[in-house]
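Below is one structure, written out as structure tokens; the observations come after it.
Laboratory data are not the source of any read-out in this text; all were calculated from the coordinates shown. What you see is a predicted model; the values in this text were computed from it and never measured. Note: ideal-geometry Cβ built from the backbone for every residue, glycine included; neighbour counts use all protein chains shown.
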Amino acid sequence: MHGWRIDRAIHNYIYFVYYRLYVSLFLKAGRFLVRRFLWLRELRYAFGFVFERYHGKVLSESDARKIITLNRDVVLGPDKSERVIPFSHANKIILKEPDFIAVMDCPCRLVREKPCQSPGVCMAVGRTTAEFWLEHGQKYHVRKVSQSEALGIIRDARARGSITAAWFRVATGGRTGVICSCCACCCGGMEGTRIGQRFDRTLSMMAPSGYSVIHDPSRCRSCKVCSQTCAFKAVSFGPDGLRRYDTDACMGCGLCVEKCAQQALSLTRDPGKGDPLDMDLVQDMLRVASDKGRGGSPTGVTP
């Protein structure tokens with residue numbers, strides 16, 4: 001995965017074999033910096049360096065399902081347009097033998113004293129990463145699962161209030177293939193973003209899904225379930241009882257849409273939030289961009 005970058009290969013090995021310790025140290029370092037050095041503005045660049053190399057893309061339930069049910073190899077990128085993956089590094093979509101899926105405990109939940117949900121939600125899609133997990137992740141209760149089992153894990157987590165995100169890392173060859181179910185209280189990516197934004201509000205470890213939410217007031221009963229569901233505090237109700245929606249804060253995860261019993265909410269494509277990681281759309285888009293560039297990394301879809 002790394003060619004001559006032996007340093008990245010070592011980083012990859014350390015991360016996955018000791019990832020509970022890795023995530024714990026990263027979060028502790030971030031908290032320490034906020035407590036002691038919030039005045040040091042240069043730390044914005046340090047956080048930016050990390051966020052460009054380790055980050056996630058929020059997925060709607062539909063987009064996550066399309067990844068989990070793939071029956072062909074997909075090798076796309078890098079996304080030089082930064083429309084789908086708006087980061088300079090770790091911006092490739094590489095899913096080889098995507099029906100080979102492994103699941104193990106989420107490191108973010110393992111480092112919490114009292115995780116809110118069961119930790120077994122972190123999944124590797126594709127043989128390369130999944131087999132590595134199966135070989136080295138026994139202490140994290142790793143197991144191979146079918147595509148239908150993987151979908152069941154995601155749906156159960158979403159029913160419990162977790163969003164779905166695809167994670168990209170330089171350590172894994174700049175590729176995706178890791179899908180996790182993230183909650184606001186346990187997710188290291190969400191906490192990392194909150195820490196980074198103490199230095200610079202523009203910093204984020206997570207990219208929006210590419211969707212915004214449409215509200216139909218004629219159906220809405222102001223039950224406030226959407227505001228209680230939103231992990232990003234994009235929805236609130238004022239003293240007047242009126243619903244308020246912060247488009248900039250919304251990451252388009254779709255949980256509020258799924259929870260709305262009145263069907264007053266729906267997702268819509270939002271050009272201001274980039275393009276979704278929709279496998280039906282992104283393949284053609286990145287292939288066309290590569291054909292125009294002729295000189296980037298190999299791009300293609302293997303039937």
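The table below gives the values:
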| item | result |
| --- | --- |
| Mean Cα-pair separation over length for the chain, i.e. relative contact order, pairs under 8 Å, 6 or more apart, % | 23 percent |
| Net +/- balance of residues flanking Gly254 in space, Cβ distance below 14 Å, scoring K and R +1, D and E -1 | +3 |
| Rg/Rg_globular for the chain, with Rg_globular taken as 2.2 N^0.38 Å and Rg from C-alpha atoms | 0.99 |
| For the chain, the longest site-free run once GluC sites (Glu not before Pro) in DSSP loop states with at most 10 other Cβ atoms within 10 Å are removed | 114-303 |
| Computed E for His215/Ala184 - FRET, C-beta separation, R0 30 angstrom, nearest 0.05 | 0.90 |
| Binned Cα-Cα distances of segment 128-272, short to long, each 10 Å bin given as a whole percent | 10, 33, 34, 17, 5, 0 |
| Pairwise label distance in nanometres, His141 with Asp7, each label 7 Å out on the Cα-Cβ vector | 3.7 nm |
| Estimated inter-spin distance, Asp156 and Phe237, nm [label 7 Å along Cα→Cβ] | 3.2 nm |
| Neighbour-count ranking [beta-carbon atoms within 10 angstrom, fewest first] of Ser227, Ser204 | Ser227, Ser204 |
| Partners for Lys57 among lysines (Cα-Cα distance below 23 Å; same-chain residues under 8 apart left out) | Lys66, Lys80, Lys92, Lys96, Lys233, Lys259, Lys273 |
| Along principal axes, Cα extents of segment 37-96, largest first, whole Å | 50, 23, 18 |
| Gly177 long-range amide H proximity, modeled H, under 5 Å | Trp167 |
| Mean ellipticity per residue at 222 nm, deg cm²/dmol - from DSSP H runs of n ≥ 4 across the chain, formula -39500 (n - 2.57) | -10500 deg cm²/dmol |
| Anchor Lys139: lysines whose Cα lies under 24 Å away (excluding residues fewer than 8 positions away in-chain) | Lys28, Lys114 |
| Where only C-alpha atoms are counted, convex hull volume of segment 101-166 per residue in Å³ | 81 Å³ |
| Overall Cα dimensions of segment 211-269, principal axis frame, Å, largest first | 28, 20, 16 |
| Cβ-based net charge around Arg221, under 15 Å, with every Lys or Arg adding one and every Asp or Glu removing one | +3 |
| Rough spin-label spacing in nm, given labels placed 7 Å along Cα→Cβ, for Gln197 and Tyr45 | 2.5 nm |
| Net charge contributed by nearby residues that have their C-beta within less than 13 Å of Ser162 (K/R +1, D/E -1) | +2 |
| Percentage of interatomic Cα-Cα distances in segment 180-219 larger than 17 Å | 48 percent |
